[in-house]
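Colleague: One structure follows; several queries about it will come next.
The values are calculated or read from the model by the stated rules, or taken from the named source; none is laboratory data. None of the values given here were measured: they were computed from a predicted structure. Virtual Cβ from ideal backbone geometry, glycine too; neighbours counted across all protein chains shown. These accessible areas exclude ligands, DNA and RNA; they are computed on the full protein's heavy atoms, side chains included. Shrake-Rupley method; radii C 1.70, N 1.55, O 1.52, S 1.80 Å.
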Amino acid sequence: MADDRNAFISALPTQPGWVSRSLKQYQGFWHEEGFIPGILSLQEKFRCKPDHIVLTSYPKSGTTWLKALLFSITNRSRYRATDAAANGNPLERCNPHSCVPRLEVYAASNGDDPNPDPVLVNTHLAYSLLPKSMIHSECKIVYVAREPKDVLVSSWHFAVKLRSKDLPPLTFSEAFDMFCNGVSDFGPYWDHVMEYWNAHLKFPHKIFILSYEDLMRRPVYNVKKLAVFIGHPFTDVEEECGVAEDIVSLCSFEKLSNLEVNKIGTRSWANGSVIKNEIFFRKAQIGDWKNYLTDEMRARMDKITREKFKGTGLFD
Ligand code: A3P
């Protein structure tokens with residue numbers, strides 16, 4: 001069985017990876033080779049329940065932020081956002097990734113039963129790769145999308161920090177070409193966004209899409225919308241007390257990135273290595289791509305974006 005699976009994985013199309021030696025193309029999307037067994041096990045054995053809330057995203061699009069916000073919204077009767085000052089809120093002590101399990105990572109070490117306890121979970125899998133039980137259940141899916149040039153810059157910085165020391169350095173220009181050619185972790189980026197966009201048009205009650213940029217501009221408005229969508233609307237009393245505002249402030253980049261746990265804490269990565277929590281917090285700025293892309297690079301990427309996202313209004 002395991003031999004068959006290994007043979008299947010090694011026969012998949014291969015390209016050089018950003019972090020490790022190789023990416024494998026499975027069902028049209030590229031994945032770190034080490035994640036494929038977990039993905040297969042999720043597709044086969046994940047049991048989705050109606051009360052699951054699944055945060056989905058292309059990597060580096062705002063997952064950490066959304067994990068903190070969704071955790072705070074769904075757990076607000078147990079932990080008040082203002083408890084953070086008194087160390088009573090888990091976000092004060094734990095990185096958001098420890099509060100919300102990522103399915104591929106969980107499945108990498110629990111392949112026989114890839115079903116973590118919490119109902120709030122996250123995955124970077126493309127829509128077409130999601131376990132069938134997730135598509136067919138009444139669960140809610142929240143997808144956060146971010147402008148591709150900023151995603152690329154954020155992805156490159158992340159990869160440089162995590163890249164295996166056995167590999168030659170990854171230059172920005174190499175990363176740019178790979179990203180534009182669709183060869184990136186969970187990429188092609190544009191297909192990832194479009195699949196969720198189309199699914200949202202088809203099932204608007206099930207799939208909510210928000211952009212990193214709009215969340216930056218209107219955090220309280222979007223947090224309230226999110227709360228309604230996932231079935232945890234703020235009550236009149238909570239509105240009066242400014243609970244949504246408190247959650248936005250607890251989950252802000254400024255607040256989270258300055259917590260001790262996120263400055264000096266570490267966590268285990270899927271491949272067994274230990275990484276620093278600070279790696280999930282860099283600049284959190286819209287338009288940081290201007291510091292990295294040449295005019296020619298910008299034109300090439302914008303052209304792809306215009307073509308792929310035509311008619312959606314996404315990142316016009
Ligand atoms: P930059 O690298 O542009 O700074 P992900 O969480 O999907 O890995 O995305 C990481 C990006 O989100 C990084 O972007 C990171 O700085 C930013 N980020 C992390 N926490 C955030 C927060 N609370 N608010 C806004 N952006 C945040």
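Colleague: If residue 267 satisfies all but one of (1) open to solvent by less than 70 Å² (accessible area, probe 1.4 Å); (2) of a type in the set (D, E, K, R); (3) at pLDDT 95 or above, what's the number of the condition it fails?
Modeller: Of everything listed in (1) open to solvent by less than 70 Å² (accessible area, probe 1.4 Å); (2) of a type in the set (D, E, K, R); (3) at pLDDT 95 or above, residue 267 misses just condition (3).
Colleague: Scan region 258-280 for residues that are assigned to a loop (DSSP other than H, G, I, E, B) and within 14 Å of residue 94 (Cβ to Cβ) and jot them down. Reasoning before the result, please.
Modeller: Within region 258-280, the first condition is being assigned to a loop (DSSP other than H, G, I, E, B), and the residues that meet it are 258-259, 265, 269-273.
Scanning region 258-280 gives 259, 265.
Residue by residue, here is whether (1) within 20 Å of the chain's Cα centre (by Cα); (2) outside any loop (DSSP other than H, G, I, E, B) holds:
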site: 247; (1), (2): yes, yes
site: 284; (1), (2): yes, no
site: 293; (1), (2): no, no
site: 302; (1), (2): no, yes
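Colleague: Checking residue 220 against (1) free of Cβ contacts under 8 Å to residues at least 60 places away in the same chain; (2) not in a helix (DSSP H, G or I), only one condition comes out false. Which one?
Modeller: Looking at each condition in turn, residue 220 falls short on (2).
Colleague: Report the residue count in region 81-135 for those that are open to solvent by 10 Å² or more (accessible area, probe 1.4 Å) and in contact with a Ser or Thr (Cβ under 7 Å, 6 or more places away or on another chain).
Modeller: Summing the residues that are open to solvent by 10 Å² or more (accessible area, probe 1.4 Å) and in contact with a Ser or Thr (Cβ under 7 Å, 6 or more places away or on another chain) in region 81-135 gives 6.
Colleague: Now, a different point. Give me the residue from region 136-157 that is of a type in the set (Gly, Ala, Ser) and touching a Lys or Arg at 6+ places or on another chain (Cβ under 7 Å) and, out of that set, surrounded by the most Cβ atoms within 10 Å (Cβ to Cβ).
Modeller: From region 136-157, those of a type in the set (Gly, Ala, Ser) are 137, 145, 154-155; that's our starting set.
Among the residues that remain, those that are also touching a Lys or Arg at 6+ places or on another chain (Cβ under 7 Å) are: 137, 154-155.
Values: 137: 17, 154: 22, 155: 25.
It comes out as 155.
Colleague: Say whether the condition of being open to solvent by 20 Å² or more (accessible area, probe 1.4 Å), within 13 Å of the ligand (Cβ to nearest atom), closer than 20 Å to residue 33 by Cβ and under 16 Å from the mean Cα position of the chain (by Cα) is met by at least one residue in region 158-177.
Modeller: At the first step, the residues of region 158-177 found to be open to solvent by 20 Å² or more (accessible area, probe 1.4 Å) are 158, 160-169, 171-174, 177.
Remaining after also requiring within 13 Å of the ligand (Cβ to nearest atom): 158, 160-162.
Narrowing further to those that are closer than 20 Å to residue 33 by Cβ: 158, 160-162.
If we keep only those that are under 16 Å from the mean Cα position of the chain (by Cα) too, we end up with 158.
Yes, some residue in region 158-177 is open to solvent by 20 Å² or more (accessible area, probe 1.4 Å), within 13 Å of the ligand (Cβ to nearest atom), closer than 20 Å to residue 33 by Cβ and under 16 Å from the mean Cα position of the chain (by Cα).
Colleague: Same structure, new question: So, in region 58-97, how many residues would count as being within 11 Å of the ligand (Cβ to nearest atom) and on the phi > 0 side of the Ramachandran plot?
Modeller: 2
Colleague: Within the bounds of region 232-242, is there any residue that is within 13 Å of the ligand (Cβ to nearest atom), out of contact with any Gly (no Cβ under 7 Å at 6 or more places or on another chain) and open to solvent by less than 80 Å² (accessible area, probe 1.4 Å)? Break it down into steps so the answer makes sense when it comes.
Modeller: Going residue by residue through region 232-242, those that are within 13 Å of the ligand (Cβ to nearest atom) are none.
No, every residue in region 232-242 fails to be within 13 Å of the ligand (Cβ to nearest atom), out of contact with any Gly (no Cβ under 7 Å at 6 or more places or on another chain) and open to solvent by less than 80 Å² (accessible area, probe 1.4 Å).
Colleague: Right, something else. For region 251-270, enumerate the residues that are more than 18 Å from the chain's Cα centre (by Cα) and away from the ligand (no atom under 12 Å from the Cβ). Write out each step before concluding.
Modeller: In the first step, residues of region 251-270 are kept if they are more than 18 Å from the chain's Cα centre (by Cα); the result is 254-255, 258-261, 263-266.
Across region 251-270, the qualifying residues are 260, 261, 263, 264, 265, 266.
Colleague: Considering only residues that are within 15 Å of the chain's Cα centre (by Cα) and among the aliphatic types (A, V, I, L, M), which ones fall in region 180-206?
Modeller: The answer is 193, and nothing else.
Colleague: Next question, about the same structure. Are there any pairs, at least 6 apart or on different chains, whose C-beta atoms fall under 7 Å, with the first in region 46-67 and among the charged types (D, E, K, R) and the second part of a helix (DSSP H, G or I) and within 16 Å of the ligand (Cβ to nearest atom), and if so, which?
Modeller: 60/151; 60/154; 60/155; 60/158; 67/96; 67/97; 67/99
Colleague: For region 114-143, how many residues meet the condition of being closer than 23 Å to residue 222 by Cα and part of a helix (DSSP H, G or I)?
Modeller: Adding up the residues that qualify gives 1.
Colleague: More than 12 Å from the ligand (Cβ to nearest atom) and either of a type in the set (Val, Ile, Thr) or buried (at least 18 other Cβ atoms within 10 Å of the Cβ) (or both): does that describe residue 248?
Modeller: The answer is no for residue 248.
Colleague: Ok, one more. Any residue that is over 27 Å from residue 218 (Cβ atoms) and within 11 Å of the ligand (Cβ to nearest atom) - is there at least one of those in region 282-289?
Modeller: Within region 282-289, not a single residue is over 27 Å from residue 218 (Cβ atoms) and within 11 Å of the ligand (Cβ to nearest atom).
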